[in-house]
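A quick write-up on the structure given underneath.
The values are calculated or read from the model by the stated rules, or taken from the named source; none is laboratory data. The structure presented is a predicted model; accordingly, all values stated were derived computationally and were not measured. Cβ placement follows ideal geometry from the backbone for every residue including glycine, while neighbour counts extend to all protein chains displayed. Surface accessibility is based on the protein's heavy atoms, side chains included, excluding ligands, DNA and RNA. Shrake-Rupley method; radii C 1.70, N 1.55, O 1.52, S 1.80 Å.
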Amino acid sequence: MDEYTNLHPWVVGVASAITGLLLMETSIHFSNGVIDDVRNVIILISGLVGGPISMVVSSFLIGLFRIYVLGISTTSIIAGLNTMLMGLILFLLTRWKPISYRNMHYYLAYTIVQFGIGIAFLSTDPDSRLLGIITLVVTSIPAFYITVFVLNLFRKQFERIRLIEKLADTDYLTDLPNSRKFKSILEEFIENDENFTLLLIDIDHFRNVNLTYGHLVGDEILKQIGQYLKQFVREHEGADTARISGEEFYVTCKQAAPAFGLHYAHEISKLISQNPYFISDGHKIPITVSIGIANFPDNGKSISELVTATDQALMQATSQGKNQIIHYNNIHT
């Protein structure tokens with residue numbers, strides 16, 4: 001992912017330069033070798049998508065194209081250097097004030113002014129000069145805003161897709177991964193033959209909490225435990241967690257031997273039990289959990305075998321009076 005992030009501005013810059021080259025082939029020609037296209041829009045859009053580096057890359061490549069593609073001349077050299085200069089100035093400006101959907105209008109105005117000055121300087125015929133500047137304005141403004149509009153549509157659509165994907169993999173109440181997502185995590189561990197510990201966590205007497213205080217209080221307790229498990233995952237590299245049913249949660253820890261699994265379970269149990277839930281009238285609801293533990297591959301080589309092992313360990317823990325931690329290895333000892 002980091003490699004893609006580092007490469008991304010360069011990819012955008014090169015792609016924009018290729019687009020600029022194609023647009024030069026359809027440009028409008030005026031006197032003295034002056035051409036008019038929307039390369040300023042292409043460079044600006046590259047900055048909006050890929051950042052300052054993209055503008056430098058695209059402007060320098062487009063500038064080189066302008067010098068060499070249509071034939072080297074004084075006009076092409078000046079126009080090409082002007083394109084490169086514009087990209088460099090945009091780079092410096094956006095380092096100071098990053099381009100965004102709010103301020104992009106000012107950057108567009110700047111590119112039009114600089115390219116307009118270039119056309120005015122290079123054109124020898126007054127009528128051609130005026131027509132070139134008018135054409136620049138008339139083509140640049142709609143081209144830029146139509147492109148931005150389309151990009152915005154794509155951005156919103158991608159955001160919707162990401163949201164749908166997240167909802168499909170996330171528990172709506174605790175914002176933890178759900179059982180579907182967690183199954184894919186376990187499958188990946190097993191396919192890669194990575195040793196891991198699986199903890200099945202069950203809230204003690206949770207049904208009584210719902211009956212006594214109501215489901216709204218129960219939901220708040222689930223959210224609170226979800227936050228504690230997120231905290232545990234943040235503090236332990238290689239750990240993942242999920243809510244799999246009403247009051248049951250899973251935690252995995254990669255490369256954790258049975259002894260470490262027991263240690264992590266005690267850490268989670270202590271974190272939860274030392275933080276009771278307080279309802280609005282100040283009444284304290286103590287919260288404890290029972291935890292069943294199993295290890296891959298010692299206690300199971302498939303998801304179903306591991307789930308069965310943690311279920312049996314949890315049943316043993318709850319049968320011993322709640323607030324207990326049992327490893328599958330200790331069931332029969």
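Computed quantities for the displayed model
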item	result
For segment 186-285, Kirkwood radius (reciprocal of mean inverse C-alpha pair distance, Å)	14.6 Å
Charge dipole (segment 134-277, unit charges on Cβ, about Cα centre) - positive-most of L186, Q231, L199	Q231
Helix 39-50 axis, angle to the chain major axis (alpha carbon atoms, nearest 10°)	10 degrees
Theoretical FRET efficiency, 1/(1+(r/R0)^6), r = Cβ-Cβ of K284 and T318, R0 22 Å, to 0.05	0.45
Under the Karplus curve 6.51 cos²θ - 1.76 cosθ + 1.60, θ = phi - 60°, whole-Hz ³J(HN,Hα) for segment 62-70, x wherever Gly or Pro sits	5, x, 5, 4, 4, 6, 9, 5, 9
Heavy-atom accessible surface of segment 27-100: percent carbon and sulfur, 1.4 Å	72 percent
Alpha carbon centroid spacing (whole Å) that separates segment 55-100 from segment 128-186	27 Å
Estimated vicinal HN-Hα couplings, Hz - segment 183-190 in sequence order (Karplus 6.51, -1.76, 1.60; Gly, Pro = x)	4, 5, 5, 5, 4, 5, 4, 5
Gaussian network model of the chain, springs between alpha carbon atoms under 10 Å - residue of S59, S73, S140 with greatest fluctuation	S73
Charge context of M24, other residues only, Cβ under 9 angstrom, K/R +1, D/E -1	0
Potential lengthening between R160 and S179 on full extension [0.36 nm per residue; Cα-Cα distance subtracted]	4.6 nm
Formal net charge of residues neighbouring F65 (Cβ-Cβ distance under 13 Å; K, R +1; D, E -1)	0
Amide proton proximity set for T288, modelled H, under 5 Å, gap of 5+	D204
³J(HN,Hα) computed for each position of segment 72-80 - Karplus, 6.51 cos²θ - 1.76 cosθ + 1.60, integer Hz, glycine/proline x	6, 7, 4, 5, 5, 5, 5, 5, x
Label-point separation, L151 to S302 (7 Å along Cα→Cβ), nm	5.1 nm
Inter-part distance where segment 254-277 and segment 298-322 are each reduced to a Cα centre, Å	16 Å
Dipole magnitude (debye, nearest 20) for the chain, charges at Cβ of Lys, Arg, Asp, Glu	980 debye
Base-10 log of normalised Debye intensity for segment 1-140 (one unit scatterer per alpha-carbon) at q = 0.10, 0.17, 0.19 Å⁻¹	-0.31, -0.85, -1.05
Cβ-derived FRET efficiency at R0 45 Å, H263 paired with V14, nearest 0.05	0.30
Radius of gyration and maximum dimension Dmax of segment 83-126, Cα, Å	12.4, 38
The chain: most fluctuating residue of D204, D240, D125 per GNM, C-alpha cutoff 10 Å	D125
Accessible surface, per residue, of segment 1-109 when the full set of protein chains is kept, probe 1.4 Å, Å²	52 Å²
Entries in K230/K301; K254/K322; K223/K270 that, when Cα-Cα distance is taken, lie over 19 Å	K230/K301; K254/K322
Cut-off 12 Å between beta-carbons: net charge of the residues surrounding D37, Lys and Arg +1, Asp and Glu -1	0
Nearest-ten-degree value, helix 104-122 long axis tilted from longest Cα axis of the chain	20 degrees
Folded to 0 to 90 degrees: helix 215-235 orientation relative to the chain principal axis, Cα	70 degrees
Pairwise FRET efficiency - Y110 versus L130, Cβ, R0 = 25 Å, nearest 0.05	0.75
Computed lengthening from N192 to R102, 0.36 nm per intervening residue step minus Cα-Cα distance	27.8 nm
